[in-house]
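Computed from the coordinates by the stated procedures, all read-outs in this text should not be read as laboratory data. Every value quoted in this text rests on a predicted model; they were computed, and no experiment measured them. Glycine gets a Cβ as well: all are built from the backbone with ideal geometry, and neighbour counts include every protein chain shown.
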Amino acid sequence: MSDSAQEMKALQGDELGKLISLHLDSRITEEQFAQLQYTLEVDESARDFYIEFLSTHARLEQSLKNTFSIKNQNHISDRELLNELVATGTRPARGTYFLSGGLAVALVIAICFLVLKQDAPGYATVTHVAQTETRDQTPLRIGSQLKTQTPYFLEQGELELLFVTGTKVFISAPASFEISGENEIRISAGKLVARVTTPAGKGFIVQTPEGAVVDLGTLFGVEIESSGDAGVQVFQGEIELHDLQGGKAVLPAGKTMRCAAGRKKWESAEKLSRQFYAALQVKRPTLLPGMVMIDDSRQSIFGIDDYRGIRYLLYSEIPLKARLDAREKRLPEWNGVAQHLWIVHFDEAAQRWLLQGNERAIPFEPDSTDLLLARIEEADVDGGSNRKNITYFSQTFDAIHGIASGYQASDIKVLPDWFEKNANSGDYAITGSYLIRKPE
């Protein structure tokens, strides 16, 4: 390691903000850029701040564009425009990084950069990379601004992009894509997740070989397989899905559509591929906050056959075996059984929670990460048989006997009286691939 590398230290406060501003202004020296990259590599909080800073910069750019026409029509001076933008600028959330003077300086630098710089930056900036390698060895590093209408071929690894509109995009290799506008990307191969949270980002477009995906304020995934087949799944919110024949449809959260290569028609599907969700296991909290992927290879759950009462579907962040193996000697067979989804009930007399095994109930202590997803109740019908009514806790946040309940969005569904792919009274099967917890 060189002496200069050994002397590097992670920057904070105004020093970090000034280097980011210099980088955006293309006035950063090689030594300063190395210092900035080192800070972003070793300090996760600095990376979070960097993303927030770019979001602020993007909002200023949008505000500037929207204001120029008004300025020209009403003869507003540059000084008045600058004062207005500084007054309405949004401070990044990590307040400890900027003194008030530092923030004002950073905003002025950003605005002057937008007004005076002749060669405008690209529409998308790299905010995270992991083991990335491109076909032509194009370096993709944190802070790189991607060129517009230029194909990028990601041979391996993953990256995250922040568009000037505030839209965040995750791409996993192998992938082929290009930035086609300030709020648009074209992808011909690979896996992509887009998160749109800003007004300027609404309407974000992903162009696929089988038609356009238009955001309506949401979180969604796009997958283009090596065969050319395309898939789209909505995790939260809604999208507008277009085909090559001029048709379009609104797709809500939890829904998936696929289009075989060359068919020009989207059709309903259960979900995207297992490889897609495997790629998302390396997700970044800044892109997918609160999102939990469900292992679709283990989607059977035991229940007590003769239990009559209220049951719940519980998500446990800690695997089932890790919580119970140490003190339970007669656990049910684990092969094929879901490790993070259980059927549980609350014993009112003993005032304790019980996990339903195949033949008996097992006491367990609730964990702070536990989450109740649905309520299951018996409903008697004619002939003495019974069926089960299921109430999902979507967008209904509460606590039941000390365990949190409710979630933002999910495609999980419970199938009573099934085990694996066969009818089996008293047991359960589930379908689904994800849930999004309530933001903290």
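Couple of notes before you dig in:
- Taking every Cα-Cα distance in segment 120-208 and sorting them into 10 Å bins starting at zero, the pair-distance distribution P(r) comes out as 19, 59, 22, 1 percent.
- Estimated distance in nm for a label pair at M8 and K248, the labels positioned 7 Å out from Cα along Cα-to-Cβ: 4.6 nm
- Extension gain for Y38-R263 works out to 76.2 nm (0.36 nm per residue, less the C-alpha to C-alpha distance).
- Cα pair distances of segment 233-283 binned at 10 Å [whole percent]: 23, 49, 25, 3
- Restricting segment 215-316 to trypsin sites (Lys or Arg not before Pro) in coil, as DSSP defines it, with at most 15 other Cβ within 10 Å: R263, K264, K265, R308
- Trypsin sites (Lys or Arg not before Pro) within segment 334-434, DSSP loop, no more than 15 other Cβ atoms inside 10 Å: R360, K421
- Over all Cα atoms in segment 162-238, the spread is summed up by Rg and Dmax: 11.3, 35 Å.
- On the principal axes of its alpha carbon atoms, segment 199-307 extends 54, 33, 28 Å, with the longest extent given first.
- Segment V129-Q149, length gained on full extension (0.36 nm per residue, minus Cα span): 5.1 nm
- Theoretical FRET efficiency, 1/(1+(r/R0)^6), r = Cβ-Cβ of Q395 and E317, R0 25 Å, to 0.05: 0.75
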